[in-house]
Amino acid sequence: MYALGVFEELAAAVEELEVPPAGEPLREVLDISDRLTAKTALALGTFDAAEGYEVDGATSTTAWLRHHGGQSSRAAARLACLARRLQRLPVTATAWAEGALSVGQVEAIVANVAPRLVELFAEHEGEVVPALVELSVPDTAVAMAHWARCAEAIDEGPEPDQRRRSAHASRTLDGRVELDASLDPEGGEVVLTALRLASTRNVEGEPRRTPAERQGDALVDVCRFFLDHQASVPGRRHRPHVNVVIDLEALLGGGPGTVLGGPV
């Protein structure tokens with residue numbers, strides 16, 4: 001259990017705080033903000049590991065941050081990834097929380113530790129992290145890039161260009177779906193070609209779509225075409241592709257239905 005009063009006191013202190021527009025007080029506030037971000041990230045990592053987001057009906061920590069933290073998809077994914085990674089790097093996490101490392105240094109560390117090298121860095125961080133403490137953010141990035149090159153040389157994992165394709169789709173609390181993917185050059189070219197050929201031009205008299213909106217429409221059209229013509233899964237070839245359930249009372253009253261598999 002946590003003491004709710006602590007957060008009320010913190011909120012009150014922030015409300016009353018007036019930061020002088022001078023170097024020293026600004027540096028102090030930035031340092032305090034950095035340490036608060038560190039503690040938030042550590043708690044978020046535990047929250048993610050326990051899948052605490054499910055209590056609020058979210059599908060992931062990223063989706064939870066978008067809805068409850070008011071963050072953009074990019075910022076939410078970045079913070080969730082950082083929090084998740086720090087769960088496996090306790091020395092780095094502790095140094096950040098104690099103010100020995102800044103958020104910029106921590107981001108430089110994480111950016112240079114590939115997923116398959118996390119366990120290796122966890123073995124080395126007891127020696128590496130103390131050496132990074134006195135460095136600037138750019139110098140930390142240089143030092144970590146050197147570590148990464150050495151680690152790659154002794155790692156027996158696949159080369160970067162041999163990484164498997166990956167894609168992640170998650171439903172947000174408002175029913176929208178967020179997509180994120182990483183593809184090899186060949187697979188990426190297939191997708192880009194399909195989207196280019198499936199994209200349609202703006203029609204005069206209709207709302208003008210941005211290039212991103214046109215690609216979004218093209219992606220849906222490509223998937224719809226596949227569902228209309230695929231034959232690998234018996235009984236799932238033809239329409240409808242979306243099923244909506246509505247009870248009689250709601251139907252008579254003009255109420256909305258419920259998308260099967262969608263948000264409640």
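Ligands, DNA and RNA are left out, and with a 1.4 angstrom probe the accessible area of the stretch 1-101 is 65 Å² per residue. The average projected area of the stretch 23-105, computed from the convex hull of its Cα atoms over all directions, is 5.8 nm². Protection proxy ranking for 13-26, 94-107, using the average of other Cβ atoms within 10 Å per residue and placing the highest first: 94-107, 13-26.
Based on every Cα atom in the stretch 1-49, Rg and the maximum pairwise Cα distance Dmax equal 13.5, 41 Å.
In whole percent, how big is the carbon plus sulfur part of the accessible area of the stretch 1-74, probe 1.4 Å, protein atoms only? List each step's numbers first, then the result.
Working: 3210 of 5430 Å².
Carbon plus sulfur share of accessible area: 59 percent.
The values are calculated or read from the model by the stated rules, or taken from the named source; none is laboratory data. Bear in mind that the values here come from a model prediction, so they are computed numbers and not experimental data. Cβ sites come from the backbone with ideal geometry, for glycine too, and all protein chains shown count toward neighbours. Note: areas computed on protein heavy atoms with side chains; ligands, DNA, RNA excluded. Shrake-Rupley method; radii C 1.70, N 1.55, O 1.52, S 1.80 Å.
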